[in-house]
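What follows is one structure encoded as structure tokens, with my remarks underneath.
The values are calculated or read from the model by the stated rules, or taken from the named source; none is laboratory data. It should be emphasised that the depicted structure is a prediction, and the values quoted were computed from it without experimental measurement. Cβ placement follows ideal geometry from the backbone for every residue including glycine, while neighbour counts extend to all protein chains displayed.
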């Protein structure tokens, strides 16, 4: 009786184009990963755990011997750790920030990918926030910042901004999950494990889909949308100030605030595209994550490629025209010196080529947009590398410039960070629906011309035992 009652309540709020068959197919497809796992999944998780264990071993060497095991020294005191910190904090921005902006503008095409984007935000923040602790060498010294921190320091602002953003992003992720937790609770079969029943029952917080509950959820989401946008912008602005408020060539810039925010959204959109492509393929979500989402994100990627090109042109032309102080040395090492390969890959491979891929209709397809996203992510990590490694290499006094080369310890910890990111996402896929079922049903409906999964699959896989079909549908 409860199932029938909830069906009626959902039908009253469904998009006009939603049929019972389409809705049932959507729920079956989205909930299928929660019902069981294949041997390939466990092999993948085992591989990620192995990489993570190797990273722990590398960090144990650093803990035991100190930062001498890294390539950092007194003259180049920042390296892969801070570079990766900025990178992960950057890709976190397009998740919650982009989702909030698109929700505010009521862009319905994005409702099937908002949850993937919001997961990227939370997971990237969790991973990125670890790098400053690793970079300290002595993690216990972070307590000195808490008890004796100077409010004039951007480092303290950064800690507060990231903690606020992580808290807000986690709330913004959980709120729209509540109706889907209730859906999972009601779809559990008799063979479902007890822990899974308890998890979904508690997580659903008594959701039954009443009008009062829906209004309360809408109000909460509206408040979080309004709050999260300025918080997200402030986070990467504060991160940029850590660099911009130092008297070093290549960092001492007034444009770093908007430049970092634009770069964060640029790399974040690329991260969403890649995660969307992977989950679409593995979870067989082609009917719900369609070419429309890739094209819309591709257009956004192309727009931010132009914004990044403009910011770089503005920075290098104005500084290069004057060539004051050590700018000549910095420009030479970037454009024709030891960093020239990385610099020109960043310019050409990170902005020009992705922009051209989006520009031409022949390459503006799912595969082309994914290639552009890969180039953008690689280029944006390199861009952070150039800011840190090239900036610290510029001598502050008349002595030979130092060089920085990451060691196996740093590369191992970086590999562990990517493994941790992938591992959390992989586990989350088995605990949470990766598509917001209730939002797609209520606000979007089936996309015109979308192909049912029955037409895409030669044979229909058996239904999961723990999430059986509803009766009466």
Query raised in the report: Can you tell me which of 245, 225 is in contact with a helix residue (DSSP H, G or I) (Cβ under 7 Å, 6 or more places away or on another chain), under 30 Å from residue 383 (Cβ atoms) and surrounded by 16 or more Cβ atoms within 10 Å (Cβ to Cβ)?
Result: 225
Query raised in the report: Do we have any residue at all in region 303-325 that's on the phi < 0 side of the Ramachandran plot, touching a residue at least 24 places away in the same chain (Cβ under 8 Å) and assigned to a loop (DSSP other than H, G, I, E, B)?
Result: no
Report task. Examine region 259-276 for a residue that is within 19 Å of the chain's Cα centre (by Cα), without any contact (Cβ under 8 Å) to a residue 40 or more places away in the chain, closer than 30 Å to residue 30 by Cα and surrounded by fewer than 20 Cβ atoms within 10 Å (Cβ to Cβ), and state whether such a residue exists. Result -> no
Query raised in the report: Is it the case that some residue within region 348-371 is touching a residue at least 24 places away in the same chain (Cβ under 8 Å), out of contact with any helix residue (DSSP H, G or I) (no Cβ under 6 Å at 6 or more places or on another chain) and within 23 Å of residue 411 (Cα to Cα)?
Result: no
Requested in this report: Working carefully through the options 80, 30, 51, find the one that is modelled with pLDDT of 80 or more, buried (at least 16 other Cβ atoms within 10 Å of the Cβ), under 24 Å from the mean Cα position of the chain (by Cα) and under 22 Å from residue 115 (Cα atoms).
Outcome: 30
Query raised in the report: Within region 227-246, how many residues are in a helix (DSSP H, G or I) and free of Cβ contacts under 8 Å to residues at least 40 places away in the same chain?
Result: 4
Requested in this report: Starting from region 61-81, keep only residues that are farther than 18 Å from residue 246 by Cα, then list their pairs with residues that are surrounded by fewer than 14 Cβ atoms within 10 Å (Cβ to Cβ) whose Cβ atoms are within a distance under 6 Å, requiring at least 6 positions of separation or different chains.
Outcome: 71/405
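Looking only at region 110-140, filter to residues that are touching a residue at least 24 places away in the same chain (Cβ under 8 Å), over 19 Å from the mean Cα position of the chain (by Cα) and assigned to a helix (DSSP H, G or I); which one of those is nearest to residue 280 (Cα to Cα)?
Per the stated criteria, the residue is 134.
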Report task. Inspect region 231-240 for any residue being closer than 29 Å to residue 30 by Cβ and at pLDDT 90 or above and give the result as yes or no. Result -> no
Query raised in the report: Among the candidates 421, 392, which residue alone is buried (at least 20 other Cβ atoms within 10 Å of the Cβ), within 17 Å of the chain's Cα centre (by Cα) and either part of a helix (DSSP H, G or I) or modelled with pLDDT under 90 (or both)?
Result: 421
